[in-house]
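To keep things clear, I will list the structure first and then write my remarks on it.
Derivation of every value follows stated rules applied to the coordinates shown; laboratory data play no part. Since the structure is predicted, the reported quantities are computational estimates derived from the model, not experimental observations. Glycine gets a Cβ as well: all are built from the backbone with ideal geometry, and neighbour counts include every protein chain shown.
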Amino acid sequence: MTDPTARTIISGATIATVDALGTEHPDGYVVIDDATIVAVGAGIPPEWAVRGGGAAGEVYATPPHIEVIDGTGHLLTPGLINTHHHLYQWLTRGWAQDNILFDWLVALYPAWSMIDADLVEAGAEAAISVLARSGCSTVADHHYVFPKDSGDILGGIVAAASRVGVRLHGTRGSMDLGRSQGGLPPDFAVETTSAALQASADAVDLYHDPSREAMVQIAIAPCSPFSVTSDLLSEAAVLARSKNVRLHTHGSETVEEDAFCLEKFGKTPTQYLEDLGWLGDDVWMAHCVHLDDEAIGRFAATGTGVAHCPSSNARLAAGIAPVPQLLAAGVPVGLGVDGSASNESGQLGSEIRQAVLMNRLRAGADGMTGRQGLYIATMGGARVLGRDGEIGSIEVGKLADIALWKVDGVEHAGIADPVAALTLGAQPPLTRLLVHGRTVVENGELTRVDEPTVAAAATRAARELATRAGH
C-alpha cells in the first residue's frame with residue numbers, strides 16, 4: 001500500500017452521506033487520505049487515523065501530514081454537482097429580463113455571436129467561482145457558440161475551472177440549423193455540420209480524461225432540436241459512442257419547442273430524439289419540463305438522465321419539470337443552474353431549495369422532500385454524469401469532494417434538522433469545500449484565485465461584449 005502524503009480528519013459534524021441507504025450521522029467523522037475517503041462513521045475518529053497509521057493496522061514509513069477540522073455546528077454533505085450550465089452567459093446577465101425562451105434567445109444570439117476565447121474564459125472563471133462558493137465541486141458546462149476566429153473557447157473554460165479547482169464536465173456543443181433552414185439561431189451563429197463534428201472529435205482528443213480521478217471530461221452536445229439538423233444529431237451520437245464519451249442536449253424545455261417538433265417532424269421532442277439515437281444511459285438532457293407519461297417511461301427504460309433547472313425554468317416561464325414522477329420511475333435526475341443569463345444568481349446551493357419548493361407546487365406538500373433535493377444535487381447528479389462510482393456520496397473509496405456547511409449561526413441556530421437548513425432554509429455559510437481532497441473554499445472565500453481580480457476581469461469582459469453588441 002502506498003503511504004498517503006496528507007490526511008484530513010473532519011469530526012463532530014452532522015453527516016448526510018447520501019449513500020444508497022440514506023445514512024446520516026448526527027455526530028460523525030470523515031477521514032481522507034490525499035484525494036480518497038478512507039473512513040466514515042459515527043462518534044470520534046478511530047485511533048489509527050489520529051495516529052497516522054492505516055485502517056488495517058499499517059504503520060507508514062512516512063506518516064502523513066494530518067489536518068484536523070472541527071465540524072461541530074456543521075452539516076457535512078458531498079460536494080454539489082451542477083449538471084447543466086452555460087458559463088459564457090455570465091457576460092450577459094440582466095439582459096432580456098422578461099422574455100420566454102425563444103424570444104430571449106433571439107435577443108441574445110447576436111451578442112453571443114461576438115464572444116471569443118478571452119471573454120469566455122473571464123466569464124467562466126467568475127461563474128465557476130460563484131458555483132464553488134455555493135458548495136459546487138463539479139460543473140457541467142454546455143457550450144455551443146463558436147464564432148469564426150474566436151480562438152480556443154473550450155480551452156479557456158478548462159483553464160478557468162482548473163484555476164478555481166473544481167471538476168469540469170465540459171462539452172463541445174454546436175448549432176448548424178440557421179434561420180434560413182427553419183431553425184431559430186441566425187445563420188451567422190451556426191457552423192456547418194462537418195465542421196461541428198470535426199471540432200467535437202478534436203475536443204475529445206484534446207481535453208477528455210477517461211480516468212476515475214478525472215478533473216476534466218468532455219461530452220458531445222449539439223444544442224437543441226430547434227438549432228441543430230437531424231444529420232448532426234444522429235452523427236454526433238455515433239461519434240460520441242465511438243469515442244466512449246457522453247451526449248448532452250436540451251430537451252422538452254418549452255411548449256414552443258414541443259410545437260416546433262410536432263410541426264417540423266410530426267413527433268414530440270422525445271420521439272424525435274429517440275429516433276436519432278438520443279436516448280440511452282450515456283445521454284442526459286437539460287430541462288425536460290414537458291415530458292408526458294410515455295416520455296418518462298422511455299427515459300426510465302433507457303436510463304436517460306435529466307438536468308433539472310428550477311430557477312431558470314421559472315425565469316423564462318417554461319414551467320415546472322415533473323421531477324417527482326421522474327424519480328419515482330427511476331430516471332437519473334441531477335440539478336442544474338443553467339446559464340446565468342437565465343438565472344442571475346449563478347449559485348447551485350440555493351437551487352436545492354428552489355427544486356423542493358417548486359416541485360411541491362406541482363405535486364403537493366409531500367411531492368418532494370428536502371432529502372430528495374439534496375440527493376439530486378449530489379448522487380443524482382453523479383448518476384447523470386456517469387460518475388456515481390467516484391463522487392456524489394460520502395463513502396469509503398470515493399473521491400473526497402466534500403462541502404462543510406455552518407448551521408449554528410444566527411440563520412439556523414436551533415434548527416431541528418440540520419439537513420433542512422440546506423434544503424429548506426437560507427443557504428448556510430460554506431466553511432470548507434474540498435475537491436479531490438484539496439481546499440477550494442475556506443470560510444466562504446476562494447483559496448486558489450483572487451476574487452477581486454476575477455470580478456474585475458468579468459466586468460471588463462461583460463462591458464467589452466456589450467460594446468461589441470451595441471447594447
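When DSSP assigns beta bridges and you keep just the ones with both residues in the chain, what percent turn out antiparallel, to the nearest 5?
About 45 percent, rounded to the nearest 5.
Residues 268, 23, ranked from the fewest to the most other C-beta atoms within 10 Å, line up as 23, 268. Roughly how tilted is helix 349-363, in degrees to the nearest 10 and between 0 and 90, from the longest Cα axis of the chain? Result, in degrees: 60.
Dipole magnitude for region 1-131: about 120 debye, using +1 per Lys or Arg Cβ and -1 per Asp or Glu Cβ, origin at the Cα centre. Expressed as a fraction of 2.2 N^0.38 Å, the value expected for a compact globular protein of N residues, the C-alpha radius of gyration of the chain is 0.95. Candidates 130, 156, 74 compared by Cα position along the dipole of the chain: farthest toward the positive end lies 74, with charges placed on Cβ. When each of the peptides 297-307, 161-171 is scored by the mean number of other C-beta atoms lying within 10 Å of its residues, the order from highest to lowest reads 161-171, 297-307. Under 5 Å from the amide H of residue 333 lie the amide H atoms of 306, each residue being 5 or more positions distant or on a separate chain, with H modelled from the backbone and absent for Pro and chain starts.
Net charge near residue 367, counting Lys/Arg +1 and Asp/Glu -1 over other residues with Cβ under 15 Å of its Cβ? The answer is +3. Taking amide H positions as modeled 1.01 Å from N, with prolines and chain starts lacking one, the residues under 5 Å from residue 74 and 5 or more places away or on another chain are 14, 407.
Helix-only mean residue ellipticity at 222 nm, the chain, DSSP H runs n ≥ 4 weighted -39,500 (n - 2.57), per residue, nearest 500. What is it?
Theoretical 222 nm ellipticity from helices: -10500 deg cm²/dmol.
For 93, 438, the sequence from fewest to most other C-beta atoms within 10 Å is 438, 93.
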